[in-house]
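The values are calculated or read from the model by the stated rules, or taken from the named source; none is laboratory data. Values in this document were obtained by computation on a predicted structure and should not be read as measured data. Here Cβ is always computed from backbone atoms with ideal geometry, including for glycine, and neighbour counts include all displayed protein chains.
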Amino acid sequence: MVENNHSTDASGEFHRSRSHFDDRILADADARWPVEPGRYRLVVSLACPWASRMLVVRRLLGLESAISLGVTDPIQDERSWRFTLDPGGVDPVLGIGFIGDAYYAREADYTGGISVPAIVDIPSGRLVTNDYLQMTLDLSTQWTAYHREGAPDLYPEHARAEIDEIVEAVFQDVNNGVYRAGFAAAQDKYDRAYTALFERLDRLEERLATRRYLVGDTITEADIRLFTTLVRFDAVYHGHFKCNRNKLSEMPALWAYARDLYQTPGFTDTVDFDHIKRHYYQVHTDINPTRIVPLGPDLSGWNTPHGREELGGRPFGDGTAPPPPPTGEDFNVLRPGRALSVGESDRPGVDAVGGDPGQFQCVVHGGQECPGGPAPAFVDSVGPVLLDQAGFDNVDLGDVLSARDLVAPVNQGVPMDF
């Protein structure tokens, strides 16, 4: 079994290799890859936890205008990550159909795996780095000249030793631990990964019972790296990867902590549960040969009160919350009040929804309710949905369904079965 450039060996143990392309973009005009706004493009999958780290850090630091964003289809083919969400199946900035093209532009005889996140040099079309362990740190330390006003310090110098220690433990036992359990091909290897995972989660549960964040009283790199695994835990890792001693939602401190971060600006708009579920369940066919995507779990709990404010803390330290995301970069269809304006689509490559301004107030998945409106009958990707008749007349159902997204208005609609 191969998962990007990572594999399971003959003994049945999963191994994650270090990134092959580990160049860095530095705040040095003489560097091979100097910091330069507009020069580089970040390519991500919304399904990927390693890529999601970059999305969160980029948002919190306000680097959207300095580093552009390309989003791949959550479903890979034999050539890996593809730009089939974009018109014509081509990234509009890089002009390529697969992120692998940038890898081969950098190294023509490259035979390793193709992974995201990846940063591409736009002028040359060559991959700069796919080093997911270093990328976020460099956004914090090398791109400071382009941070937004009020950007938080996610990697404060005085706390780096403690952050690094926690990050390493979380990587080994949690971030990579769920993969070690899920892709294990021998019982003893699975048992070992499963045990280490839940021992670490128990320690984190104890630590977070009395403190709002992992290090100090503000959000740091350590929280971001833990969050991107936790937000996928119940939807994917609990069942798909057999990490099933208990759900995240059954661990009180960790569950409240995860909801706190999820509801924090800069986190919530980067989460797309549809991409997450479809990627894992439809790409990992050695684990899930039927490619059936489960309808559950109920995701509505992510928007419930968490009560973590009682522990104190200042999410952004001396900084401020980020502004709303740029057009086309609010990926969370579960966020309450997320609006679709006329001429806007909730997915790249999907025709915009027509209708009167303000007619469509939220995008619905998993039985979520539109604020102030009826409870839609639509469940996940396929099923009935409540649509205003006028809105129904303006929706290209083929395009909408192909993106696994439908809309429901706040006014009373009529049920439609597809």
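Go over the candidates Arg41, Arg24, Arg58 one by one and state the one that is in contact (Cβ under 8 Å) with a residue 40 or more places away in the chain, part of a strand (DSSP E or B) and over 22 Å from Val283 (Cβ atoms).
On the way: Arg24 fails: part of a strand (DSSP E or B); Arg58 fails: part of a strand (DSSP E or B).
On inspection, the qualifying residue turns out to be Arg41.
Would you confirm whether or not region 75-88 contains a residue that is at pLDDT below 95, part of a loop (DSSP other than H, G, I, E, B), surrounded by fewer than 20 Cβ atoms within 10 Å (Cβ to Cβ) and in contact with a His (Cβ under 7 Å, 6 or more places away or on another chain)?
No, region 75-88 has no match at all.
So, Gly70, is that one small (Gly, Ala, Ser) and more than 22 Å from the chain's Cα centre (by Cα) or not? Break it down into steps so the answer makes sense when it comes.
Values: small (Gly, Ala, Ser): yes; more than 22 Å from the chain's Cα centre (by Cα): no.
The answer is no for Gly70.
Take Asp356 and decide whether it is at pLDDT 90 or above, of a type outside the set (Lys, Arg) and outside the structural domain of Cys48 (by TED's automatic domain parsing).
On the way: at pLDDT 90 or above: no; of a type outside the set (Lys, Arg): yes; outside the structural domain of Cys48 (by TED's automatic domain parsing): yes.
Here the answer is no, as Asp356 does not meet what is asked.
Output yes when any residue across region 146-166 is surrounded by fewer than 16 Cβ atoms within 10 Å (Cβ to Cβ), hydrophobic (A, V, I, L, M, F, W, C) and not assigned by TED's automatic domain parsing to the domain that holds Asp77, and no when none is.
The answer is yes, given that some residue of region 146-166 is surrounded by fewer than 16 Cβ atoms within 10 Å (Cβ to Cβ), hydrophobic (A, V, I, L, M, F, W, C) and not assigned by TED's automatic domain parsing to the domain that holds Asp77.
Pull out all pairs, ordered by first then second residue, where Cβ-Cβ is under 7 Å, the residues are six or more apart or on different chains, the first lies in region 223-248 and is under 19 Å from Ser300 (Cβ atoms) and modelled with pLDDT of 95 or more, and the second is of a type in the set (S, T, N, Q) and part of a helix (DSSP H, G or I).
Once the first residue is under 19 Å from Ser300 (Cβ atoms) and modelled with pLDDT of 95 or more and sits in region 223-248, its partners that are of a type in the set (S, T, N, Q) and part of a helix (DSSP H, G or I) give Asp234/Ser249.
Identify all residues within region 66-104 that are out of contact with any helix residue (DSSP H, G or I) (no Cβ under 7 Å at 6 or more places or on another chain), in contact (Cβ under 8 Å) with a residue 60 or more places away in the chain and closer than 26 Å to Thr141 by Cα; write none if there are none.
Once the filter is applied, which keeps residues that are out of contact with any helix residue (DSSP H, G or I) (no Cβ under 7 Å at 6 or more places or on another chain), in contact (Cβ under 8 Å) with a residue 60 or more places away in the chain and closer than 26 Å to Thr141 by Cα, region 66-104 yields Leu69, Val71, Tyr103.
Suppose we filter Thr290, Thr264, Thr285 for residues that are among the β-branched types (Val, Ile, Thr) and buried (at least 16 other Cβ atoms within 10 Å of the Cβ); which single one remains?
Numbers: Thr290 fails: buried (at least 16 other Cβ atoms within 10 Å of the Cβ); Thr285 fails: buried (at least 16 other Cβ atoms within 10 Å of the Cβ).
One residue alone meets the criteria, Thr264.
Return the total of residues in region 271-282 being of a type in the set (Lys, Arg) and crowded, with 22+ Cβ neighbours inside 10 Å.
Of the residues in region 271-282, the ones of a type in the set (Lys, Arg) are 277-278.
Keeping just the survivors that are crowded, with 22+ Cβ neighbours inside 10 Å gives 277.
Residues meeting the conditions: 1.
Among the listed residues Thr210, Thr264, Thr220, Thr228, which satisfies the condition of being hydroxyl-bearing (Ser, Thr, Tyr), within 23 Å of Arg314 (Cβ to Cβ) and touching a Phe, Trp or Tyr at 6+ places or on another chain (Cβ under 7 Å)? Before you say what the answer is, go through the steps one by one.
Values: Thr210 fails: touching a Phe, Trp or Tyr at 6+ places or on another chain (Cβ under 7 Å); Thr264 fails: touching a Phe, Trp or Tyr at 6+ places or on another chain (Cβ under 7 Å); Thr228 fails: touching a Phe, Trp or Tyr at 6+ places or on another chain (Cβ under 7 Å).
Sole residue among the options that is hydroxyl-bearing (Ser, Thr, Tyr), within 23 Å of Arg314 (Cβ to Cβ) and touching a Phe, Trp or Tyr at 6+ places or on another chain (Cβ under 7 Å): Thr220.
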